[in-house]
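Please treat every number below as a calculation from the coordinates, not as lab data. Nothing here was measured: the structure is a model prediction, and the numbers come from that model. Cβ atoms come from the backbone with ideal geometry, glycine included; neighbour counts cover every protein chain shown.
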Amino acid sequence: MPTTHDIDTGGKAPALEARGVSVFYGETHAVKGIDLAVPANKVVALVGPSGCGKSTLLRCFNRMNDLVTAARIEGTVGFRGKNLYDDDVDPVEVRRRIGMVFQKPNPFPKSIYDNIAFGPRINGFDGDLDALVEQSLRQAALWDEVNNRLNDSAYALSGGQQQRLCIARTLAVKPEVVLMDEPASALDPIATQRIEELIYELKKNYTIVIVTHNMQQAARISDYTAFLYMGELVEYGPTDTIFTNPREERTEEYVTGRFG
Amino acid sequence: MVPSAPDLSFRSGRNRNERIIGAILFLCAALSTLVTVGIVGVLLTQSFAFFRQVSVVEFLTSTQWTPLFQDKNFGILPLAAGSFLIAGGAAIIALPTGLLAAVYLSEYAAHRTRRILKPLLEILAGIPTVVYGYFALTFITPILRSIWPETDVFNAASGAIVVGVMIIPTVASLSEDALSAVPDTLRQGAYGLGATKLEVSTRVVIPGALSGILASFILAISRAIGETMAVTIAAGNLPNLTLNPMESIQTMTAYIVQASLGDTPQGSLAHQTLYAVGLTLFLITLSMNVVSQWILGRFREEYE
C-alpha cells in the first residue's frame with residue numbers, strides 16, 4: 001500500500017491529509033480506504049481512468065460530497081491538523097478555505113464583477129471590493145481582457161475566459177487550497193495552455209489538487225501524481241517518478257497510454 | 001443481363017393516408033384559432049354597438065355601475081375595483097406562499113418528499129372552483145365575521161383569500177419548474193465558495209429563475225382576475241366602488257354571470273354591457289399574457 005511516506009513534504013506539515021478515506025454511494029464503494037498527503041504550495045494531480053474515484057476523492061477535500069444525499073464517507077481528512085469530518089466542523093466554512101473549480105465553466109448569470117464579488121459578499125467582506133475584484137482578476141490573468149467591461153454578463157466571455165473567471169471567483173474568497181476538477185477538459189488547446197500557465201503561477205500562493213484525464217497535462221503541471229484505479233490509490237509519488245520510473249506495472253501501463 | 005430498376009413509385013394507399021391525416025390535424029389546429037377569432041369578433045362588434053350609445057369616457061370614469069336599474073350608469077370602475085381587490089388580495093397571499101413553497105420543493109425538500117408533494121399540489125389546482133366558493137362562504141366568512149363582526153356576509157376578503165389559496169398551486173408549480181431548471185453546476189459553484197443553502201437559493205437560484213417566476217406570478221394574477229364562480233359566491237354581487245375588503249363587491253366576472261342569468265332582452269343596451277365588460281376583461285388578461293411572454297423572452301436565462 002502506498003502511504004503518505006511516499007512523498008517528501010520537506011519537513012512541513014501537509015496542507016491536506018486523507019487517512020483511510022472511503023466513499024460509498026449507496027451500495028457502490030467508490031473510494032476505498034485512501035491515504036494521501038498533499039504538501040503545501042505544491043500541485044498534486046489525481047489521474048486514472050473514468051470512474052476510478054478521483055473526482056469523488058477530490059470532493060472529499062472540501063466536503064462537496066455532503067451535497068450528494070446518498071454519499072457516505074469514512075476516514076479522516078486533516079486540514080492543518082483539524083479533521084474536516086469532525087462533528088463541530090461547518091462544511092460552509094470548509095469550502096470557503098478550500099475552494100473548487102469545476103469541469104465545465106459555471107459562471108453565475110450575473111455580470112463579470114458580480115461573479116467575482118459573490119463570494120466576498122456572502123462571506124461578509126467589508127474592505128475595498130473593487131480592489132479585490134481587480135486583484136482576483138489579475139491573479140487569474142483575466143484583468144487585461146475584461147477590465148473595460150466588468151458590467152457585461154459573464155456569458156459574453158469565451159469558454160476559456162469563463163473558466164479563468166471561475167478561478168478568479170474562487171481566489172476572491174482567499175482560500176488556502178484550490179481543488180480543480182478537470183478544469184481544462186471543456187476547453188480548446190490554447191485556452192488549456194493559459195489555464196496551465198495560471199496553475200503554475202498560483203502554486204506560489206496556493207496548494208492545488210487537480211483531477212485530470214490528460215497525462216501530458218499532469219506531467220507538465222504537477223509536482224506529485226497519484227494514480228487511482230477502481231477506487232484504490234495504486235501509486236503516489238513525485239510526478240517524475242510516476243511518469244518515468246513507476247513502481248507498479250499498472251501505473252506504467254496507464255501513464256503510457258496502454259490502457260484506460 | 002441488365003438489372004431491373006428498383007420500384008420506387010408511391011405506394012398509393014400510404015400516400016393518401018398521409019394527406020388525410022395532415023388535413024385532419026390542420027382542421028383541429030384551425031378550429032381553436034377560428035373559435036378565438038370568432039369570440040374576439042363578437043366581443044368587438046357588440047362592444048362597438050355599446051360604445052355608440054355610451055361614451056368610452058363615461059365607461060372608464062363614471063363611478064356608478066347600474067345598467068340593470070331604471071337610473072342607468074355605465075361606469076366600469078366599481079367592477080374593476082372589485083376585480084382588483086380580489087386579484088390584489090389573492091396575490092398578496094399566493095405570490096409569497098407559492099414562491100416559498102417552490103423554493104422548499106426545489107431546494108430544501110428531500111427527493112422523496114418532493115415526489116409526493118408536487119403532484120398533491122397540482123391536484124389542488126384541479127378542485128372545481130365552485131367548491132372553493134362554498135368553502136369561502138361557509139368556512140372563511142364565518143371566521144372573518146367572528147373576528148370583525150361588521151364584515152358583510154358577502155365580502156371581498158373572503159373571496160380574495162380563497163382565490164389566493166386557489167392560485168398557490170399555479171405559482172408554486174410553475175416557479176418550481178423554473179427553479180429546477182437552474183443547472184446544478186451553478187448551485188455547486190456557489191456552495192464551493194462557501195455559500196449556505198439559503199444564500200444559494202436567494203442569490204443564485206431565484207435570480208437565475210426570475211423570468212419563470214415572474215411569468216408564474218402574472219399567470220396566477222390573470223387567473224385571479226378571470227376567476228368567476230368562487231368570487232361570485234363569496235364576494236357578492238354589489239357593484240361598489242370601495243377598497244374596503246370587508247364589504248360586498250362585484251367583480252367584472254360576477255357581473256357577467258349576473259347579467260347573463262337575468263332577463264335582459266337581446267340587443268338591449270343592458271345586454272350589450274356584457275360584451276363591453278367581457279372585452280375589458282379580455283384586454284386585461286391579454287395584456288398580462290403579452291407582458292408575461294415578453295418577460296419570459298426578454299429575461300430568458302442562457303446558462304451556457
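Structure notes:
- Residues within the stretch A:18-40 that are surrounded by fewer than 21 Cβ atoms within 10 Å (Cβ to Cβ) and of a type outside the set (Gly, Ala, Ser), tallied: 8
- Test: A:Phe61 is in contact (Cβ under 8 Å) with a residue 60 or more places away in the chain and within 14 Å of chain B (Cβ to nearest Cβ): yes
- B:Arg112 falls short on exactly one of the conditions (1) buried (at least 16 other Cβ atoms within 10 Å of the Cβ); (2) within 13 Å of another protein chain (Cβ to nearest Cβ), and that condition is (1).
- For the stretch B:9-63, the set of residues classified as without any contact (Cβ under 8 Å) to a residue 60 or more places away in the chain and either assigned to a loop (DSSP other than H, G, I, E, B) or in contact with an Asp or Glu (Cβ under 8 Å, 6 or more places away or on another chain) (or both) consists of B:Ser9, B:Phe10, B:Arg11, B:Ser55, B:Ser62, listed by residue number.
- Residue within the stretch A:74-93 that is part of a helix (DSSP H, G or I), facing chain B (nearest Cβ under 10 Å), of a type in the set (Asp, Glu) and surrounded by fewer than 22 Cβ atoms within 10 Å (Cβ to Cβ) present: yes
- Residues in the stretch B:157-215 that are farther than 19 Å from A:Val92 by Cβ and either outside any helix (DSSP H, G or I) or free of Cβ contacts under 8 Å to residues at least 24 places away in the same chain (or both): B:Ala181, B:Val182, B:Pro183, B:Pro207, B:Ala209.
- Restricting the stretch B:175-204 to residues that are buried (at least 19 other Cβ atoms within 10 Å of the Cβ) and more than 10 Å from every other protein chain (Cβ to nearest Cβ), the residue that is farthest from the chain's Cα centre (by Cα): B:Ser201
- Search result, residues across the stretch B:128-179 that are more than 30 Å from B:Leu210 (Cβ to Cβ) and among the acidic types (Asp, Glu): B:Glu150, B:Asp152
- Index of the failed condition, A:Phe102 passing every other in (1) more than 7 Å from chain B (Cβ to nearest Cβ); (2) in contact (Cβ under 8 Å) with a residue 12 or more places away in the chain: (1)
- Qualifying residue in the stretch A:41-64 (condition: surrounded by fewer than 23 Cβ atoms within 10 Å (Cβ to Cβ) and either more than 28 Å from A:Ser185 (Cα to Cα) or of a type in the set (Phe, Trp, Tyr) (or both)): no
- All strands (runs of 3 or more DSSP E) inside the stretch A:125-236 with 2 or more residues being within 13 Å of another protein chain (Cβ to nearest Cβ) and either crowded, with 23+ Cβ neighbours inside 10 Å or not acidic (Asp, Glu) (or both): A:177-181
- Among the residues of the stretch B:119-136, those identified as closer than 16 Å to B:Ala90 by Cβ and of a type in the set (A, V, I, L, M, F, W, C) are B:Leu124, B:Ala125, B:Ile127, B:Phe135, B:Ala136.
- Of all residues in the stretch B:126-147, exactly one satisfies the criterion of being outside any helix (DSSP H, G or I) and either surrounded by 12 or more Cβ atoms within 10 Å (Cβ to Cβ) or acidic (Asp, Glu) (or both), namely B:Ile127.
- Residues (of a type outside the set (S, T, N, Q) and farther than 17 Å from B:Thr285 by Cα) located in the stretch B:44-59: B:Phe48, B:Ala49, B:Phe50, B:Phe51, B:Arg52, B:Val54, B:Val56, B:Val57, B:Glu58, B:Phe59
- Assessment of the stretch B:72-85 against the conditions (part of a helix (DSSP H, G or I) and closer than 29 Å to B:Ala181 by Cβ) yields no matching residue.
- Check on A:Ala184, under 17 Å from the mean Cα position of the chain (by Cα), within 21 Å of A:Glu17 (Cα to Cα) and small (Gly, Ala, Ser): no
- From B:Leu238, B:Leu214, B:Leu219, residue being within 24 Å of B:Pro149 (Cβ to Cβ) and away from chain A (no Cβ under 14 Å): B:Leu238
This table checks each residue for (1) among the charged types (D, E, K, R); (2) part of a loop (DSSP other than H, G, I, E, B); (3) over 25 Å from B:Gly126 (Cβ atoms).
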{"residue": "B:Asn244", "(1), (2), (3)": "no, yes, yes"}
{"residue": "B:Ser248", "(1), (2), (3)": "no, yes, yes"}
{"residue": "B:Ile256", "(1), (2), (3)": "no, no, no"}
{"residue": "B:Ser260", "(1), (2), (3)": "no, no, yes"}
{"residue": "B:Gln266", "(1), (2), (3)": "no, yes, yes"}
{"residue": "B:Tyr275", "(1), (2), (3)": "no, no, yes"}
{"residue": "B:Leu283", "(1), (2), (3)": "no, no, yes"}
{"residue": "B:Met288", "(1), (2), (3)": "no, no, no"}
{"residue": "B:Ile295", "(1), (2), (3)": "no, no, yes"}
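- Residue match in the stretch B:241-260 (condition: surrounded by fewer than 16 Cβ atoms within 10 Å (Cβ to Cβ), over 21 Å from the mean Cα position of the chain (by Cα), closer than 19 Å to B:Pro67 by Cβ and free of Cβ contacts under 8 Å to residues at least 12 places away in the same chain): no
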